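Heads up: the structure comes next, in C-alpha cells.
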C-alpha cells in the first residue's frame, strides 16, 4: 500500500532524512520507532506533503505521491492523527468531525458520526462542546475520530498516547486493537514500546534519518541489543 524507498528531506537548508525506507501492507500495522529527533515526525510530514521530499521514492498504491499537496494526499486515502492533536478549538466536537468527513470508494462509508460515537461514547456526550473545552484525552479521541471521518485506507498516528493519563492511554490502545481487528492499515509512532510490540505486526527503527533495522515485533522483542542501541536513553 505505502512504500518509501531511500527518502531524503528536511527543513529549509537542514537535512533530517538521509535514507529512510519502509512499507505498509493492506491490513498491516507498522511501528516507526526511534529516539527523539531521529526523523520520525519529519518522515510523516513528508508522506503527508507537509514537507517536500528531497529525493527517493514515495508511492501509495503504486502511484507517486511525492510533491502532492496535503489535501491531495488525504484524498488518496491517507488520514493523519498529528502530534499535538491540532483539533479545531473553536468548533464543537461534532463540527470537528463533520468538517473532515469524506467517503472513499463506491459503497457506504465505514466511518460516520454514529460509528465514531460508538468507538468513543465520551465524544457523543460532549458533541456540542467546543474543542477548547475538552480534556487532553478527549482531544486525542477527537483527533483520532476526525482522521477516521476521512475514511482513510491508511491511518497514521504520531504519538497518539503521549502525555495522557494511564486510563486514557489504555482506552486509546484498545481502540487501535479494534481498528486492527477490522483490517485498518496503520502506521504509528509511539514511545510505549511494550504496547507497540503487542499491537504492531512489524517495526522499523530510524536513527539520524536512516533506517537501521526492520523486522517483526516478535523479533524486536527478542533483540535487546537493538532496543538498547537505538531506542533506550
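Got a number for residues in segment 21-50 being part of a loop (DSSP other than H, G, I, E, B), within 22 Å of residue 198 (Cα to Cα) and either touching a helix residue (DSSP H, G or I) at 6+ places or on another chain (Cβ under 6 Å) or touching a residue at least 60 places away in the same chain (Cβ under 8 Å) (or both)?
6
So, residue 1, is that one surrounded by 15 or more Cβ atoms within 10 Å (Cβ to Cβ) and modelled with pLDDT under 95 or not?
Details: surrounded by 15 or more Cβ atoms within 10 Å (Cβ to Cβ): yes; modelled with pLDDT under 95: yes.
Criteria met by residue 1.
Residues are listed down the side, and each one gets a yes or a no for (1) more than 25 Å from residue 95 (Cβ to Cβ); (2) in a helix (DSSP H, G or I):
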| site | (1), (2) |
| --- | --- |
| 160 | no, no |
| 172 | no, yes |
| 175 | no, yes |
| 204 | yes, no |
| 212 | yes, no |
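Taking interchain pairs and intrachain pairs at least six residues apart, which have beta carbon atoms under 6 angstrom, with the first residue in segment 207-225 and farther than 15 Å from residue 31 by Cβ and the second assigned to a strand (DSSP E or B) and modelled with pLDDT of 95 or more?
209/16; 209/17; 209/18; 210/18; 210/19
Is it the case that some residue within segment 188-200 is closer than 28 Å to residue 224 by Cα, part of a loop (DSSP other than H, G, I, E, B), without any contact (Cβ under 8 Å) to a residue 40 or more places away in the chain and more than 12 Å from the chain's Cα centre (by Cα)?
Within segment 188-200, one or more residues are closer than 28 Å to residue 224 by Cα, part of a loop (DSSP other than H, G, I, E, B), without any contact (Cβ under 8 Å) to a residue 40 or more places away in the chain and more than 12 Å from the chain's Cα centre (by Cα).
One line per residue, one yes/no per condition, for (1) in a loop (DSSP other than H, G, I, E, B); (2) closer than 19 Å to residue 110 by Cα; (3) within 13 Å of the chain's Cα centre (by Cα):
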{"position": "138", "(1), (2), (3)": "no, no, no"}
{"position": "144", "(1), (2), (3)": "no, yes, yes"}
{"position": "168", "(1), (2), (3)": "no, no, no"}
{"position": "183", "(1), (2), (3)": "yes, yes, no"}
{"position": "225", "(1), (2), (3)": "no, no, no"}
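Can you spot a residue in segment 52-62 that is in a loop (DSSP other than H, G, I, E, B), within 25 Å of residue 174 (Cβ to Cβ) and touching a residue at least 40 places away in the same chain (Cβ under 8 Å)?
The answer is no, given that none of the residues of segment 52-62 is in a loop (DSSP other than H, G, I, E, B), within 25 Å of residue 174 (Cβ to Cβ) and touching a residue at least 40 places away in the same chain (Cβ under 8 Å).
Of everything in segment 64-117, what is surrounded by fewer than 16 Cβ atoms within 10 Å (Cβ to Cβ), under 20 Å from the mean Cα position of the chain (by Cα), without any contact (Cβ under 8 Å) to a residue 40 or more places away in the chain and not in a loop (DSSP other than H, G, I, E, B)? Give them in sequence order.
64, 70, 71, 72, 75, 115 - these are the residues of segment 64-117 that are surrounded by fewer than 16 Cβ atoms within 10 Å (Cβ to Cβ), under 20 Å from the mean Cα position of the chain (by Cα), without any contact (Cβ under 8 Å) to a residue 40 or more places away in the chain and not in a loop (DSSP other than H, G, I, E, B).
Out of 179, 154, which single residue is buried (at least 20 other Cβ atoms within 10 Å of the Cβ) and either over 22 Å from residue 40 (Cβ atoms) or in contact with a strand residue (DSSP E or B) (Cβ under 9 Å, 6 or more places away or on another chain) (or both)?
154
The values are calculated or read from the model by the stated rules, or taken from the named source; none is laboratory data. It should be emphasised that the depicted structure is a prediction, and the values quoted were computed from it without experimental measurement. Cβ coordinates were reconstructed from backbone atoms using ideal geometry, including for glycine residues, and neighbour counts include every protein chain displayed.
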